[in-house]
Amino acid sequence: MSLVLLERVALEALYYGKKNIESLSKESLINKKILEKIINRFLKEDVLSKNEALLGIEYKKEKKAFLEIKKIENIKSEIKELFEYFINIYLIKRDNLQFGLKKVWLKKEEQNILEHHLYQIDELLKKVERQNLIAETKDYISMKKVFFWGYCDYRDLIREALKN
Amino acid sequence: MSLQMWVIDKYIRSTGFKTLKEISKDTGIQLTRVFRILHGKEMKLKEFEIFQKKSLFNLDKTLKIVSLANECAFKLDEEKILEITNFMKRTIKISELKKIN
């Protein structure tokens with residue numbers, strides 16, 4: 001079982017507690033007709049359960065579906081899809097988005113400074129993530145910010161591009 | 001989705017015609033009949049053929065993707081073919097999810 005973004009959003013909204021389809025639709029921005037299709041699939045795969053009108057994630061057993069979702073190939077596809085949408089919207093409305101892509105030579109001390117800043121970003125986001133989990137009231141899932149960060153050696157990308 | 005709805009959907013996407021009047025004028029099918037068909041009334045075979053023929057108007061686009069897929073099957077290794085297959089499956093899945101009929 002691999003997830004597309006709309007399915008992932010629906011699942012993420014349910015991580016924070018059971019919801020009915022109306023509130024799920026409101027917080028995810030996904031209309032009810034689409035959500036119904038998503039939910040039906042998840043109910044069929046035993047990923048969700050439904051109690052009266054409330055939907056919740058079935059954490060009890062080690063689900064085949066959850067294991068499949070976590071497979072590298074499926075995660076790769078999800079990240080690619082996410083990034084594709086990001087690039088699409090960035091290229092249309094540049095002003096409202098932060099995005100940087102640079103290819104630079106770095107001296108050792110510059111690399112150290114960069115890594116230090118990335119470490120700080122990472123620590124901040126981990127802290128915020130922990131706070132998100134324990135907060136009593138949670139905002140809509142669609143109000144989250146999406147961050148990409150990281151760097152690599154250009155040669156690794158070139159080698160990847162050259163692979164058969 | 002039934003075959004009938006698929007062919008109507010394909011027709012609308014191919015031609016861009018959305019109003020009953022536009023569809024009636026293009027297909028030659030009476031307006032009230034178009035209304036009934038779009039609301040689930042079973043098509044006659046002749047009507048189905050009209051929609052099918054009209055929706056294959058962009059046949060060259062359809063043929064292009066099929067011929068490219070064939071080329072991929074011959075030229076690419078298994079890993080790449082799997083990657084493209086998965087991409088196509090996901091794209092279809094996303095399209096089906098967003099289709100509200």
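Quick notes
- On Cα atoms only, tilt of B:3-15 relative to the major axis of chain B in degrees: 90
- FRET efficiency, 1/(1 + (r/R0)^6) with R0 35 Å, evaluated for residue B:31 and residue B:2 via beta carbons: 0.95
- Stretch gain in nm, segment residue A:140-residue A:158, where the contour uses 0.36 nm per residue and the Cα spacing is subtracted: 2.5 nm
- Given their separation in residues at 0.36 nm each and the Cα-Cα distance between them, residue A:89 and residue A:133 gain 13.0 nm when the chain is fully extended.
- The helix-based estimate of mean residue ellipticity at 222 nm for chain B, built from -39,500 (n - 2.57) per DSSP H run of four or more residues and divided by its residue count, is -24500 deg cm²/dmol to the nearest 500.
- The calculated FRET efficiency for the pair residue A:33 and residue A:108, based on their C-beta separation and a Förster distance of 51 Å, comes to about 0.35.
- Within-15-Å neighbourhood charge of residue A:128 [Cβ basis; K, R +1; D, E -1]: +2
- C-alpha long axis of helix A:5-15 to longest principal axis of chain A, angle in °: 70
- Using alpha carbons only, the radius of gyration of the range B:59-98 set against its Kirkwood radius gives Rg/Rh = 1.05.
- The range A:25-164: relative contact order in percent, alpha carbon pairs under 8 Å with at least 6 residues between: 21
- Using a Förster distance of 22 Å, the FRET efficiency for residue B:95-residue B:38 (Cβ separation, nearest 0.05): 0.65
- Fluctuation leader among A:47, A:104, A:146 - chain A, Gaussian network, Cα springs under 10 angstrom: A:104
- Listing A:2, B:67 from fewest to most neighbouring C-beta atoms within 10 Å gives B:67, A:2.
Computed from the coordinates by the stated procedures, all read-outs in this text should not be read as laboratory data. A quick note: this is a predicted structure, and the numbers were derived from the prediction, not measured. Positions of Cβ are generated from backbone atoms using ideal geometry, with glycine treated the same way; all protein chains shown enter the neighbour counts.
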